[in-house]
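Here the structure is laid out as structure tokens; the discussion comes afterwards.
The values are calculated or read from the model by the stated rules, or taken from the named source; none is laboratory data. Bear in mind that the values here come from a model prediction, so they are computed numbers and not experimental data. Every residue, glycine among them, receives a Cβ derived from its backbone with ideal geometry; neighbour counts consider all protein chains shown. Side chains are part of the model used for accessible areas, which takes the heavy atoms of the whole protein and leaves out ligands, DNA and RNA. Shrake-Rupley method; radii C 1.70, N 1.55, O 1.52, S 1.80 Å.
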Amino acid sequence: MDIARLYELQKIDANMEKVRRRVAQIRRNLGESDELRATRAAVETTRATVERLHAHQLDAELNGQQLGERIKASERRLMSGEVHNAKELEALQASIESMKRQRSQVEDDAMATFQQREEAEQRLTEQRATLAQVEAAWQTSQTALQQEEAKYKRMYAQLKQQRESVTARLSADALALYTQLSERKAGVAVASVQNGACSVCNVSLPTGVIANARIIEGAPVYCPSCGRILFAG
Ligand SMILES: [Zn+2]
């Protein structure tokens, strides 16, 4: 049995497995990153805050203006001499005072909201700059990943061709043995002898086993520990 060729096939299969894993890893990293999504969400939250604060500020300003007009109207009435009744005058004055206090509160609110909005706008500017950086870095990494994926796809196609040419030169028996063993042994059917040990399970091999494995045209020799075909070339 051509153990050297089976070993060659094993190396090709191991490389194909590595390439498949790397491609799977690349595909997991393709698409939007958590960082990109989080940064974009932060921008959106702040943008909504700015909008809400702006609406609130506008509302407070309009309330202040309305109160101002009502105060003026009441003051005109007070000065007009139309109201003679003392109680009515008192009530009108009290109402003016109350509206002035209200207006003062509303104006404070508008000012505070304006300041909050300015802070939020500043934050939004910073977050947008960060987002632009994150997007640029992400785009660069995506391009690199896409190029890497393309490279591995070409590599995979080459390995597949190599595999076909190796299997074409193997006997049906050898290929069947390899395939069965590969399925049972986690994709690794052939181990090499490295410093007197099995390269897969690392168990030291008896010298008789190594000697048998060196007989090139002999029957396959198996690792006594893990049961894989040994290649001693
Ligand atoms: Zn072994």
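Could you list, ordered by first residue, the pairs with Cβ atoms under 9 Å in which the first is in segment 208-233 and basic (Lys, Arg) and the second is open to solvent by 40 Å² or more (accessible area, probe 1.4 Å) and more than 8 Å from the ligand (Cβ to nearest atom), at least 6 apart or interchain? Cβ pairs passing all conditions: Arg214/Gly233; Arg228/Lys185; Arg228/Val188; Arg228/Tyr222. When Arg5, Arg20 are checked against the criterion of being surrounded by 15 or more Cβ atoms within 10 Å (Cβ to Cβ), basic (Lys, Arg) and under 30 Å from Ala176 (Cβ atoms), Arg5 stands alone in meeting it.
Regarding Ile210, is this residue more than 16 Å from the ligand (Cβ to nearest atom), modelled with pLDDT under 95 and β-branched (Val, Ile, Thr)? In short, no. When Thr179 is tested against (1) open to solvent by less than 90 Å² (accessible area, probe 1.4 Å); (2) touching a residue at least 60 places away in the same chain (Cβ under 8 Å); (3) closer than 29 Å to Ala219 by Cβ; (4) not small (Gly, Ala, Ser), only condition (2) is not met.
For (1) assigned to a helix (DSSP H, G or I); (2) within 15 Å of Ile3 (Cα to Cα); (3) not hydroxyl-bearing (Ser, Thr, Tyr), each residue gets a yes or a no:
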{"site": "Tyr156", "(1), (2), (3)": "yes, no, no"}
{"site": "Lys160", "(1), (2), (3)": "yes, no, yes"}
{"site": "Ser165", "(1), (2), (3)": "yes, no, no"}
{"site": "Leu177", "(1), (2), (3)": "yes, yes, yes"}
{"site": "Ser192", "(1), (2), (3)": "no, yes, no"}
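Selection of segment 96-108 for residues being in contact (Cβ under 8 Å) with a residue 12 or more places away in the chain and open to solvent by 60 Å² or more (accessible area, probe 1.4 Å) yields Lys100, Gln102, Arg103, Glu107. Residues in segment 23-69 that are in a helix (DSSP H, G or I), more than 30 Å from Asp109 (Cβ to Cβ) and either over 17 Å from the mean Cα position of the chain (by Cα) or among the acidic types (Asp, Glu) (or both): Asp34, Glu35. Return yes or no: is Tyr222 at pLDDT 95 or above, of a type in the set (Ser, Thr, Tyr) and away from the ligand (no atom under 16 Å from the Cβ)? No. All of (1) assigned by TED's automatic domain parsing to the domain that holds Arg22; (2) more than 16 Å from the ligand (Cβ to nearest atom) hold for Ala197 with one exception: (2).
Of the candidates Ala197, Ala219, Ala213, Ala189, the single residue that is out of contact with any strand residue (DSSP E or B) (no Cβ under 7 Å at 6 or more places or on another chain) and among the small types (Gly, Ala, Ser) is Ala219. If you go through segment 204-218 and keep only what is part of a helix (DSSP H, G or I) and of a type in the set (S, T, N, Q), you end up with Thr207, Asn212.
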